[in-house]
1. Nearest 0.05, what FRET efficiency do Ile84 and Asp195 give at R0 = 25 Å with Cβ-Cβ as r?
2. Using only Cα atoms, locate the centre of segment 112-164 and the centre of segment 1-65, then give the distance between them in Å, rounded to an integer.
3. Looking only at Glu76, Glu134, Glu47, which one moves most when the chain is put into a Gaussian network model with springs between Cα atoms under 10 Å?
4. Counting Lys and Arg as +1 and Asp and Glu as -1, what is the net charge of the other residues whose Cβ lies under 14 Å from the Cβ of Pro121?
5. Return the calculated 222 nm mean residue ellipticity for the chain, to the nearest 500 deg cm²/dmol, obtained by summing -39500 (n - 2.57) across DSSP H runs with n ≥ 4 and dividing by the residue count.
6. Near His145, within a Cβ-to-Cβ distance under 9 Å, what is the net charge of the other residues, with Lys and Arg +1 and Asp and Glu -1?
7. In terms of the Cα gyration tensor, with a ≥ b ≥ c the square roots of its eigenvalues, is segment 1-114 rounded because a/c is under 1.5, prolate because a/b exceeds b/c, or oblate?
8. What trypsin sites (Lys or Arg not before Pro) does segment 115-184 have in DSSP loop regions with at most 12 other beta carbons within 10 Å?
Amino acid sequence: MNNIRPQLPKIAVFASGFGSNFQAIIDAIKNGVLMAEIVCLVTDKPESYSVQRAIKEGIDIIAFSAKNYASKADYEKMIAAQLIAKGVELIVLAGYMRIIGNTLLTMFPRKIINIHPALLPAFPGAHGIKDAFEYGVKVFGVTIHYVDSGIDTGEIIDQASFHINGTETIDEVETEIHAIEHKLYPATIQKLLEDNNL
Ligand code: GRF
């Protein structure tokens, strides 16, 4: 029997900002670290740099402004319809600054993952690095988790950490966190796709 998959697994990346993790995923595909196809970028910030990256790479863009929709369910239905039409098998949140609602969670069960710049369950929310730094932790890290209806509460898939001696600036810590993210996210996505036979 021929086990060769005719097409690469299709993923969608959701981003609201700079998109360095989006770029790391693009680069990992180019370098053969990740065997997948990014079929679209979904963004709630049409002016964000993540959109420039998608344009440069010729990746389809689904851009929307939440204020143009009556509810989260309304814009998520629009997104879900397009993702299903494109055959998306895994949704990868990479700095997407909106809480995923029941519409997407129901339509993509255990198919939505997120990266968070702290060692969950510590320091959830939008300022994980600053919160951990100000608390004075000596071990920092990154968490990749399934998305559920909470804020950074879903089941943990993988984590990576590093120790500081306390003399580092927050900028230095942040640089190290992003460097870890850019390696761990593509590798974890690849492993998930393999584990799910995608
Ligand atoms: C990353 O630190 C990620 O962990 C968090 O948002 C940040 C996004 O950065 N969820 P970028 O837009 O990928 O550069």
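1. Details: r = 22 Å, r/R0 = 0.90.
Efficiency, rounded to the nearest 0.05: 0.65.
2. 23
3. With Cα springs under 10 Å in the chain, the top fluctuation among Glu76, Glu134, Glu47 is at Glu134.
4. Numbers: positive: none; negative: Asp131, Asp148, Asp152, Glu155.
Overall, the nearby charge balance is -4.
5. Numbers: 6 runs with 74 residues, N = 198.
Mean residue ellipticity at 222 nm (helix-derived): -11500 deg cm²/dmol.
6. -4
7. On the way: a/c = 2.07, a/b = 1.28, b/c = 1.61.
Judged from the Cα gyration tensor, segment 1-114 comes out oblate (a/c at least 1.5, b/c at or above a/b).
8. On the way: sites: Lys130, Lys138, Lys183; in loops: Lys138.
When the trypsin sites (Lys or Arg not before Pro) of segment 115-184 are filtered for loop state and at most 12 Cβ neighbours within 10 Å, Lys138 remain.
Values quoted throughout were computed directly from the atomic coordinates according to the rules given, and no laboratory measurement underlies them. Only a predicted model underlies this, so the values are computations on that prediction, with no experimental measurement involved. Note that each Cβ is placed from the backbone with ideal geometry, even for glycine, and that neighbours are counted across all protein chains shown.
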